[in-house]
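Report on the following structure.
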Amino acid sequence: MDIKIIYKKSAFKHGETESDIRWAFNTAKYDNLIEGFENKYLLIGFNTKGNLIEVIYNDLGDNIASVFHAMGCRNELLFLLPQRGFYG
């Protein structure tokens, strides 16, 4: 099932592109609701260059995500990834 992504202008603030964000969704290693929020999700996946990025989005239902943040994955989030070798 292919997810439709709506990109807010703020999603590009740190230099990630639509292609990078789309690829992160396709290669997600972590995707969960952020504790303390009703509809704010953190996804960690790879960009088109093979680097881990973090993506924060709202789930709009009907398989639609509204992405408002994307940047290189911060070290303090790496503990969320599976511990099976190199990211995977």
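Strands (runs of 3 or more DSSP E) fully within segment 2-59 that include at least 1 residues being within 19 Å of L77 (Cα to Cα) and touching a Gly at 6+ places or on another chain (Cβ under 9 Å): 30-33. Criterion first (surrounded by 13 or more Cβ atoms within 10 Å (Cβ to Cβ), small (G, A, S) and touching a Ser or Thr at 6+ places or on another chain (Cβ under 7 Å)) does G45 satisfy it? When the stated conditions are applied, G45 passes them. Which of the residues that make up segment 36-67 are touching a helix residue (DSSP H, G or I) at 6+ places or on another chain (Cβ under 8 Å) and either over 21 Å from K13 (Cβ atoms) or among the β-branched types (V, I, T) (or both)? Passing the criteria: I44, T48, I53, V55, V67. The set of residues from segment 1-53 being at pLDDT below 95 and hydrophobic (A, V, I, L, M, F, W, C) comprises M1, I3. When K29 is tested against (1) in contact (Cβ under 8 Å) with a residue 40 or more places away in the chain; (2) in contact with a strand residue (DSSP E or B) (Cβ under 6 Å, 6 or more places away or on another chain); (3) exposed (fewer than 12 other Cβ atoms within 10 Å of the Cβ), exactly one condition is not met: (3).
The values are calculated or read from the model by the stated rules, or taken from the named source; none is laboratory data. Remember, it's a predicted structure, so these values are computed and weren't measured experimentally. All Cβ positions, even for glycine, are placed from backbone atoms using ideal geometry, and neighbour counts span all protein chains on display.
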